[in-house]
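In what follows, a single structure is set out as structure tokens and then discussed.
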Amino acid sequence: MTTLTETQAVAPNRTARKLSYVKAFNEGLAQAMREDENVFVAGEDVAGYGGVFRMFDNLLDEFGPRRMIDTPISEAALVGLGVGAAARGLRPVVDLMFMDFIGVCLDQIVNQAAKMKYMFGGSVSVPLTITTASGAGLGAAAQHSQSLEAWLAHVPGLKVVMPCDAYTAKGLTVSAIRDDNPVVVMLNKVLLGSTCEVPEEIYGIPLGQAHIARQGSDVTVIALGRMVGEALAAADELATEGVEVEVIDPRTVQPLDTETMFASVRRTNRVLVVHEAVTFGGLGAEIAAQIQDTVFDHLDAPVLRIGAPFSPVPFSPVLEKAYVPDRARIVQGCRRLLERS
Amino acid sequence: MAQRASTASKESAQVIKDLHERMVRIRLFETEAGKLMEAGKLPGFLHLYVGQEAVAAGVMAALRDDDQITSTHRGHGHAVAKGVGFREMYAELYGRATGACLGRGGSMHINDVTRGMLGANGIVGAGVPIAVGAAFAARYKGEDSVAVTFFGDGATNIGAFHEGANMAAILGLPVVFVCENNGYAEFTPQSKHMLITDVAERAAAYGMPSVIVDGMDAVAVHRAAAEAVDRARSGEGPMMIEAKTYRYFDHQGVKGLRHPYRSDEEVAEWKARDPIDLLEARAVADGTATRAELDDAWQRTRDEIAEAIAYAEASPLPDTADLLLNVYSG
């Protein structure tokens with residue numbers, strides 16, 4: 001796991017200290033609010049309570065009820081509020097708490113936020129940030145555990161980011177807020193307490209730019225969100241056997257930086273895509289297809305995908321553990337790829 | 001500019017002429033668009049507003065340019081009354097590069113942010129929360145503009161309406177909810193899609209005052225709108241207006257009845273109270289306008305529309321090389 005933070009040491013003169021994922025998000029959001037008076041936060045229990053995941057702790061104290069707004073449980077109206085406010089020049093951050101709840105406001109995300117600029121002939125922008133918590137692993141069962149990035153990445157006009165650690169959570173959140181498009185920030189529930197070095201000053205991570213989390217020459221693992229950590233752990237394990245795994249974190253799944261992936265495949269000739277979401281129709285299918293379109297001649301084995309089985313997320317911890325891809329499955333996948341040559 | 005009409009016994013000549021002009025502009029824009037559609041010149045769908053002109057005219061005459069509106073499938077009337085130009089509207093119906101949406105939206109999505117027209121909307125009820133957001137932005141920025149959301153009777157069965165109404169009420173935002181109750185959700189009569197007669201009753205569930213007006217009477221609509229707008233502008237929160245009105249054409253297109261979902265007698269009854277005829281008769285009787293002045297409004301508008309249609313037809317088609325223009329900002 002050390003490789004991740006070392007390769008991320010990009011900002012000069014920064015004062016880094018360890019911070020948790022949720023606190024890094026909170027710090028980035030607070031700094032973005034200080035930076036731009038037009039940024040406000042609306043959602044269920046975001047102000048008085050600080051968010052069910054403590055994402056919004058202390059923000060009410062600093063920014064007051066004008067900029068921290070508790071709303072009714074009304075996701076459609078909440079996102080619509082963000083769309084209308086964004087079209088009028090504000091930079092709303094609206095929180096959907098659990099990603100699974102997008103089903104009740106998908107119209108406002110897909111038909112309104114995503115299409116407004118296009119359908120208005122470019123005369124309006126929708127700088128809306130939607131924050132939400134995705135992923136399994138907390139025993140929250142099938143309506144509070146999904147990773148629905150493929151739904152959103154399929155919609156022209158939206159951007160979708162999946163931070164894999166605290167450093168990325170802060171940087172991508174700041175970039176999402178500064179971006180003039182609707183951006184969905186998918187925070188991962190299991191990672192909320194995880195820590196890594198995070199600079200104190202405000203910084204953005206470019207949207208649409210993948211990050212090589214670990215360099216390697218034998219096989220490329222493209223991992224989304226929480227799977228980046230699992231892939232790095234798998235890489236550590238395989239390194240003891242002399243196998244060098246390159247781990248790529250797309251960071252943004254829409255837009256998707258395929259160039260970095262293609263370049264990696266040209267070096268390693270083998271690629272595994274891993275995500276927490278259901279494999280069928282997932283981002284892995286898109287990434288595999290694009291790789292085969294462009295760098296097929298460099299492949300020594302078919303692109304392999306690892307994801308969840310075609311099932312709702314189960315509740316029982318033993319089932320849930322079997323459901324979500326992990327280090328062991330990634331190691332196994334890499335071995336399969338290596339056996340092909 | 002808005003004139004507070006609630007206590008006046010008689011509208012000023014200026015208000016009457018304003019309402020008349022807005023209605024005539026809608027009527028002629030729409031009837032000409034219908035002819036173009038019938039002639040096979042327009043792609044896509046056309047949801048005509050004819051018959052409902054008093055609502056758009058009455059409300060918009062109570063608004064300022066910086067006030068915002070969100071609209072419906074049947075949005076031409078709102079756009080015209082809010083001041084969106086004929087040229088860019090016709091060009092959009094033709095799918096031309098000079099259209100209000102650069103040919104990316106069409107009839108159902110005409111907008112003009114410079115006029116506070118935040119879009120007709122292809123999704124029933126979806127404009128309601130967006131207007132709430134626009135009102136939120138006005139208050140956040142310390143401006144005193146208001147937002148008006150137009151929706152039909154059918155839209156009040158959808159979640160976005162209820163969520164938006166509650167959100168506006170609980171946040172005390174300057175939003176005016178205007179229900180254009182034309183009695184039909186597409187082809188389904190009101191009696192088959194809700195058990196209440198007055199949609200305005202629904203406002204009470206959100207602690208919101210409401211008023212029912214004759215949606216064929218532009219003066220009545222204008223009075224109610226002026227009151228609701230003043231109320232919202234002065235920080236007293238949202239209000240709902242239910243205007244009982246009627247659409248002359250089908251839900252979509254000019255004709256094309258597959259089954260007689262409404263009777264000829266019903267249509268004739270409503271047409272007997274045509275909103276423009278009513279206002280003209282009243283204006284002449286009151287002496288607020290002469291017949292010649294009213295006729296002049298029709299003729300001026302006809303000329304403007306002929307010019308706008310010629311402009312649209314002469315306009316270039318969008319360049320397919322620009323297909324991906326404006327998918328993203330930046």
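Just a few scattered comments:
- Filtered residues of the stretch A:86-95 (kept if within 8 Å of another protein chain (Cβ to nearest Cβ), on the phi < 0 side of the Ramachandran plot and in contact (Cβ under 8 Å) with a residue 12 or more places away in the chain): A:ALA86, A:ALA87, A:LEU90, A:PRO92
- Residue list for the stretch B:159-183, restricted to those being more than 9 Å from every other protein chain (Cβ to nearest Cβ) and closer than 16 Å to B:ASP198 by Cβ: B:PHE161, B:PHE177, B:VAL178, B:CYS179, B:GLU180, B:ASN181, B:ASN182, B:GLY183
- Here the stretch A:168-178 is the region considered, the condition is being out of contact with any Ser or Thr (no Cβ under 7 Å at 6 or more places or on another chain) and buried (at least 24 other Cβ atoms within 10 Å of the Cβ), and the residue that is farthest from A:GLU230 (Cα to Cα) is A:SER175.
- Residues located in the stretch A:292-317, provided they are farther than 12 Å from A:THR220 by Cα, among the hydrophobic types (A, V, I, L, M, F, W, C) and in contact with a strand residue (DSSP E or B) (Cβ under 7 Å, 6 or more places away or on another chain): A:ILE306, A:ALA308, A:PHE310
- Among the residues of the stretch B:125-138, the one identified as within 15 Å of the chain's Cα centre (by Cα) and touching a residue at least 60 places away in the same chain (Cβ under 8 Å) is B:ALA131.
- Residues that are surrounded by fewer than 24 Cβ atoms within 10 Å (Cβ to Cβ) and facing chain A (nearest Cβ under 8 Å) were ranked within the stretch B:115-137; the one that is nearest to A:ARG66 (Cα to Cα) is B:ILE123.
- Taking each residue of the stretch A:112-141 that is farther than 28 Å from A:MET33 by Cα and more than 9 Å from chain B (Cβ to nearest Cβ) and looking for partners that are hydroxyl-bearing (Ser, Thr, Tyr) and assigned to a loop (DSSP other than H, G, I, E, B) with beta-carbon atoms closer than 7 Å, six or more apart or interchain, yields A:ALA136/A:SER145.
- Residue in the stretch A:267-289 that is touching a Cys at 6+ places or on another chain (Cβ under 7 Å) and crowded, with 19+ Cβ neighbours inside 10 Å present: yes
- Criterion violated by A:THR168 - all others in (1) away from chain B (no Cβ under 14 Å); (2) under 21 Å from A:ASN38 (Cα atoms) satisfied: (2)
- Selected residue (only one of B:VAL175, B:VAL113, B:VAL132 is within 26 Å of A:ASN38 (Cα to Cα) and touching a Leu at 6+ places or on another chain (Cβ under 6 Å)): B:VAL132
- Among the residues making up the stretch B:271-326, those that are crowded, with 16+ Cβ neighbours inside 10 Å and farther than 23 Å from B:ILE26 by Cα are B:PRO318, B:ASN326.
- Of all the criteria given as (1) out of contact with any strand residue (DSSP E or B) (no Cβ under 6 Å at 6 or more places or on another chain); (2) within 14 Å of another protein chain (Cβ to nearest Cβ), the one not satisfied by B:GLU201 is (2).
- Scanning the stretch A:290-327 for residues that are touching a residue at least 24 places away in the same chain (Cβ under 8 Å), hydrophobic (A, V, I, L, M, F, W, C) and part of a helix (DSSP H, G or I) gives A:ILE291, A:VAL295.
- Members of the stretch B:93-114 that are under 17 Å from A:LYS115 (Cα atoms), part of a helix (DSSP H, G or I) and more than 7 Å from chain A (Cβ to nearest Cβ): B:SER107, B:MET108
- Residue within the stretch A:211-223 that is touching a helix residue (DSSP H, G or I) at 6+ places or on another chain (Cβ under 9 Å) and farther than 16 Å from A:ILE248 by Cα present: no
- Applying the set (1) under 17 Å from A:ALA176 (Cα atoms); (2) touching a Phe, Trp or Tyr at 6+ places or on another chain (Cβ under 6 Å) to A:THR132 leaves exactly one unmet item: (2).
Condition check ((1) surrounded by 24 or more Cβ atoms within 10 Å (Cβ to Cβ); (2) within 30 Å of B:THR301 (Cα to Cα); (3) touching a Gly at 6+ places or on another chain (Cβ under 7 Å)) across all residues:
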site	(1), (2), (3)
B:ASP65	no, yes, yes
B:GLY77	yes, yes, no
B:GLU92	yes, yes, yes
B:ALA100	yes, yes, yes
B:ASN157	no, no, no
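- Within the stretch B:157-182, being under 23 Å from B:ARG223 (Cα atoms) and β-branched (Val, Ile, Thr) holds for B:VAL175, B:VAL176, B:VAL178.
- Filter result for B:ALA39 (more than 14 Å from chain A (Cβ to nearest Cβ) and either under 19 Å from B:ALA155 (Cα atoms) or among the aliphatic types (A, V, I, L, M) (or both)): yes
- Test: residue in the stretch B:139-158 that is more than 7 Å from every other protein chain (Cβ to nearest Cβ), over 30 Å from B:MET37 (Cα atoms), over 20 Å from the mean Cα position of the chain (by Cα) and in a helix (DSSP H, G or I): yes
- B:ARG64 in contact with a Ser or Thr (Cβ under 6 Å, 6 or more places away or on another chain), part of a loop (DSSP other than H, G, I, E, B), at pLDDT 95 or above and not hydrophobic (A, V, I, L, M, F, W, C): no
The values are calculated or read from the model by the stated rules, or taken from the named source; none is laboratory data. Remember, it's a predicted structure, so these values are computed and weren't measured experimentally. Here the Cβ is made from the backbone with ideal geometry for all residues, glycine too, and neighbour counts use every protein chain on show.
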